[in-house]
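Asks: Take this structure, written in structure tokens, and hold onto it; I'll ask about it next.
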Amino acid sequence: MKKKLLFVCIENSNRSQMSQAFAKILGGANVEAYSAGSKPSGIVNPKAIAAMKELGYDLSSHDSKSLKEVEQYAPFDAVITMGCGDACPWMPAKKFIDWQIPDPKHLEPREFNKVRDLIKEKVAGLLEELEKF
């Protein structure tokens with residue numbers, strides 16, 4: 001059965017966007033993935049677009065969205081926050097998960113890509129875990 005996921009950070013410009021992309025890449029047809037921010041910046045960071053392009057994913061087609069804009073897709077199987085000190089959003093969900101992922105916004109490309117790769121690992125682990133319930 002298809003799992004519905006929501007990834008949340010403050011600006012919805014880096015971590016949650018890449019998480020959504022990895023959920024789509026790794027989960028394929030088994031996952032419906034969304035991302036949003038509590039205070040969206042309105043843009044997807046060009047560094048995130050470049051980092052994902054290196055892996056063959058076009059993040060430039062994504063938009064920075066508010067939680068209000070994605071609530072229509074609730075309930076979710078899981079809502080995942082990025083550990084950004086953000087007030088945890090409430091959305092109807094079976095499971096709430098908080099990942100401690102540093103904001104890569106001001107990092108150089110090599111360090112930014114380390115955060116991207118951490119996100120990929122976390123998403124892969126999450127998808128494995130979700131298969132169990």
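Asks: Among I80, I25, I49, what is the fewest-to-most ranking by other Cβ atoms within 10 Å?
Replies: If I rank by nearby Cβ atoms, fewest first, I get I25, I49, I80.
Asks: While we're looking at this one, here's another question. Around K3, which amide H atoms from residues at least 5 apart in sequence, or from another chain, sit under 5 Å from its own amide H, with H modelled in the peptide plane?
Replies: When sequence neighbours closer than 5 places are left aside, the close amide H contacts are V31, E32.
Asks: If you don't mind, there's one more thing I want to ask. Please list 3J(HN,Hα) in residue order for region 42-51, calculated via the Karplus relation 6.51 cos²θ - 1.76 cosθ + 1.60 where θ = phi - 60°; whole Hz, with x for glycine and proline.
Replies: x, 9, 8, 4, x, 5, 5, 4, 5, 5
Asks: To the nearest 20 debye, what charge dipole does the chain have about its Cα centre, counting +1 at the Cβ of each Lys and Arg and -1 at the Cβ of each Asp and Glu?
Replies: About 100 debye.
Asks: I've got another one for you. What number, in percent, do you get for the relative contact order of the chain if the mean sequence gap of Cα pairs under 8 Å and at least 6 apart is divided by its residue count?
Replies: Contact order relative to length: 28 percent.
Asks: Provide M18, M52 in ascending order of the number of other Cβ atoms located within 10 Å of each residue's Cβ, fewest first.
Replies: Fewest to most other Cβ atoms nearby, the residues stand as M52, M18.
Asks: For R15, R110, what ranking results if the residue with the fewest other Cβ atoms within 10 Å of its Cβ goes first?
Replies: Lowest to highest Cβ neighbour count: R110, R15.
Asks: Here's another thing I want to ask about it. Run the reach check for K105 against aspartates and glutamates, Cα to Cα strictly under 12 Å, same-chain hits fewer than 8 apart removed. What comes back?
Replies: E11
Asks: Could you give the semi-axes, largest first, of the ellipsoid that matches region 3-131, computed as the square roots of 5 times the alpha carbon gyration tensor eigenvalues and rounded to whole Å?
Replies: 20, 16, 14
Asks: Mind listing the phi-derived Karplus ³J(HN,Hα) values for region 17-34, rounded to whole Hz, using 6.51, -1.76 and 1.60 with θ = phi - 60°, and x for any glycine or proline?
Replies: Going residue by residue, I get 5, 5, 4, 4, 4, 5, 4, 5, 5, 7, x, x, 6, 8, 10, 10, 10, 9 Hz, with x marking Gly and Pro.
Asks: OK, next. Report, in listed order, any pair from K53/K95; K53/K94; K39/K132; K3/K65; K2/K94; K2/K47 with a Cα-Cα distance greater than 23 Å.
Replies: Going by Cα-Cα distance, K53/K95; K53/K94; K39/K132; K2/K47 fall outside the 23 Å limit.
Asks: Taking amide H positions as placed in the peptide plane 1.01 Å from N, state which residues far from W99 in sequence (5 or more) or on other chains have amide H under 5 Å from it.
Replies: Placed amide hydrogens put T81, M82, G83 under 5 Å from W99.
The numbers here are math on the coordinates, done by the rules we state, and not lab data. Computed from a predicted model, the values in this text were never measured in an experiment. Heads up, the Cβs are rebuilt from the backbone with ideal geometry, glycines too, and the neighbour counts pull from every protein chain shown.
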